[in-house]
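Read through the structure below, which is laid out as structure tokens, and then see the notes.
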Amino acid sequence: MTALATPPSPSAPGQAAAVVTTKRVGIASAVLAGIAWILTLPPIMARTAVPSIVLGLLAAVVGLWVALNPKHRRLGGATIGAGLIAIPIALAMTNQTAANVSEVFTWSAVIASGLTFTTPLIFAALGGIISERSGVVNIGLEGMMLMGCYFGIFGADICSSWVLGALIGMAAGALTGLVHAYFSLHLRANQVVSGTAINLLALGLTGFLFVSHYGDNGTPGTLPQVPNLKLPGIDNMAFFGTAIGDASVLTWVGLLLVPVVWWFLFRTRAGLRLRAIGEQPRAASTVGLKVIATRYAAVTASGALAALGGVYLADGFDGSFNFDMTDGRGFIALAAVIFGKWNPFGALAAALLFGISSGLAYRLETFSQTLSTLFQALPYVLTLIAVAGLIGRSRPPAASGIPYVKE
């Protein structure tokens, strides 16, 4: 006898409504936490921290209530964190003079500074997306960026051209990506271990070459650097002129590459094949796609893009090379890939989050070294909050990190 279907529980509609209500309350409390953050900043510039403290505590309490619902635990936890973090920020801002706060939080200058810190992350994140969309985890972004830093400076020095230096740096990054691809695909080594080895190799190799070629004197101070691009009609405008009117050429290249890479991945046949190989390589091979060759090309391109981010650091930002000058930016770019759910526009948003926070930390040094240190940690905290509560779980390509063995 066929079993009868279980009728829906009479309480199901009520439970669904309760879940929706809890989510709305959680979103409202997150908005309260955001308001608590901005009350003491321009243009509002409240000179007392009391409203921010009240709103931050209220957001945290409501977030705790939301977190009691298992379906919205992440949202509640994120709200608690955002509400509590707003309190020390408000106290720090109100302990400074209005003039100091206005100087640091000149938003056009903050955006300009943020774009400076965002640019290398964009290139590395785009490289990471292309590699992982093909199914290869690229932990070696840090090392590939470092190779771009040294060979970008070295190429600019010997060729007296930042463009040729950039091409040499990209070639070095591509070669490093090819090494990673060889170990990951041909030898089928663990991709995380291979990427870590690439990072250590790049650190030692660039340090050795730097000392061997430049010695104790360091790089010359007259190296050609990446120029800024002045936008006619915008560079003299009050807000936009400071924010984007005099940005680096490579900053604009990075921003333009975001829609280009998105279009390639999601609107072209080659991009569809790349994503298919990253999701179901065996099925892709069955219909005639060259899995190994495509992955080789993707990882090599990933290395070239990450190295271009390193070229910007050396030739456009510092104007010199220093040991380990990437300072973990490759790992930050990898976090941006995950934060952005392997989508170029999502990765751009994450890179901007890191970049603007780093720009704020840099500007905060003018009046508070302690607060500057706090803001240096803020990008990581915000990313954890966003991934855990507001964005949800990120699902990587199904075959990412899994070696492919052709039958």
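Assorted remarks:
- Net charge contributed by nearby residues that have their C-beta within less than 15 Å of Ile153 (K/R +1, D/E -1): -4
- Based on C-alpha pairs under 8 angstrom that are at least 6 apart in sequence, the range 264-345 has a relative contact order of 12 percent.
- Nearest-0.05 FRET efficiency for Arg24 and Asp324, computed from C-beta distance (R0 56 Å): 0.75
- Extents of the chain, taken as max minus min of Cα coordinates on every principal axis and listed largest first, are 78, 71, 40 Å.
- For the range 9-149, the solvent-accessible area works out to 39 Å² per residue, with a probe of 1.4 Å and every protein chain left in place.
- Share of carbon and sulfur in the accessible heavy-atom surface of the chain [1.4 Å probe, %]: 68 percent
- Look at the dipole of the chain built from charges on Cβ: of Gly278, Gly169, Thr22, the Cα furthest out on the positive end belongs to Thr22.
- The range 287-310 and the range 62-92 have Cα centres separated by 40 Å.
- In this entry, the range 206-325 is assigned a mean projected area of 11.3 nm², taken as a quarter of its C-alpha convex hull surface.
- Two-site label geometry, Val211 and Leu68: point separation in nm, points 7 Å out along Cα→Cβ: 6.1 nm
- Relative contact order (percent, whole number), the chain, Cα cutoff 8 Å, 6+ residue spacing: 25 percent
- Amide proton proximity set for Leu229, modelled H, under 5 Å, gap of 5+: Ala247, Ser248, Val249
The values are calculated or read from the model by the stated rules, or taken from the named source; none is laboratory data. Because the structure is predicted, anything quoted here is derived from the model rather than measured. Because the Cβ atoms are built from the backbone with ideal geometry, glycine has one as well, and the counts that use them run over all protein chains shown. Areas reflect the complete protein model, heavy atoms only, side chains present, ligands, DNA and RNA absent. Shrake-Rupley method; radii C 1.70, N 1.55, O 1.52, S 1.80 Å.
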